[in-house]
Amino acid sequence: MDWREKRKQRGIRRLFFSFVFASRGLWYVFKNEQNMVIHMIIASAVLVLGFVVGISPVEWVILLVVIGGVITFELVNTAIERVVDLVSEDYHPLAKIAKDVAATAVFVYSLIAVVVGLIIFYQPVLELFGFK
Ligand SMILES: Nc1ncnc2c1ncn2[C@@H]1O[C@H](COP(=O)(O)OP(=O)(O)OP(=O)(O)O)[C@@H](O)[C@H]1O
């Protein structure tokens, strides 16, 4: 069955194929984008740190939203890069703007994620190392 036929599916089968396509997308970006690997490593370290210092339920929610946001922006950034390359691989000022703006979206959200991480972990990490 090719992808056009899969797209015509309805109900549970359609849902199943949506998950298959989504997991392929995630795997593709993980394999091909170094930044995604870096995001995943940092996210894993932060999650482990969350367990170690014992952050509150609200802090967990904030952390998960922020981590999910960074990963989602990286996925959308890669999708935009590939669509731009599909339209033309030649140099074009608009292609440059599209890719630069998409990359900036990831950068801005990542900066916010770092600040949120510092706010959540600053105090508990100091206490963990006996500075407070
Ligand atoms: N077709 C193009 N025309 C003009 N500039 C381009 C073009 N393709 C890429 N660029 C420039 O090169 C940069 C890197 O593009 P590339 O497609 O290699 O993305 P990347 O290195 O995977 O980016 P990211 O780090 O965001 O994943 C873009 O941000 C853009 O400034």
Quick one: what pairs do we get from the range 34-55, first residue assigned by TED's automatic domain parsing to the domain that holds A103, second of a type in the set (F, W, Y) and more than 16 Å from the ligand (Cβ to nearest atom), C-beta under 7 Å, 6+ apart or different chains?
L49/F121; G50/W60; V53/F121
Check whether at least one residue in the range 74-88 is more than 24 Å from F21 (Cα to Cα) and within 11 Å of the ligand (Cβ to nearest atom), and report yes or no.
yes
Could you count how many residues in the range 78-94 are farther than 24 Å from R24 by Cα and surrounded by 12 or more Cβ atoms within 10 Å (Cβ to Cβ)?
1
Go through I55, I71 for me and flag whichever is among the hydrophobic types (A, V, I, L, M, F, W, C), under 30 Å from G130 (Cα atoms) and more than 13 Å from the ligand (Cβ to nearest atom).
I55
Test set (1) over 30 Å from G130 (Cβ atoms); (2) within 16 Å of the ligand (Cβ to nearest atom); (3) surrounded by 12 or more Cβ atoms within 10 Å (Cβ to Cβ) - I97 fails condition number:
(3)
Scan the range 54-75 residue by residue and report those that are out of contact with any Phe, Trp or Tyr (no Cβ under 7 Å at 6 or more places or on another chain), surrounded by 13 or more Cβ atoms within 10 Å (Cβ to Cβ) and hydrophobic (A, V, I, L, M, F, W, C).
I55, W60, I62, L63, L64, V66, I67, I71, L75
Positions within the range 85-107 being among the polar types (S, T, N, Q) and either at pLDDT 95 or above or touching a His at 6+ places or on another chain (Cβ under 7 Å) (or both), in sequence order
T104
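The values are calculated or read from the model by the stated rules, or taken from the named source; none is laboratory data. Source: prediction; values computed, not measured. Neighbour counts are summed over all protein chains in view; Cβ atoms, including those assigned to glycine, are modelled from backbone coordinates with ideal geometry.
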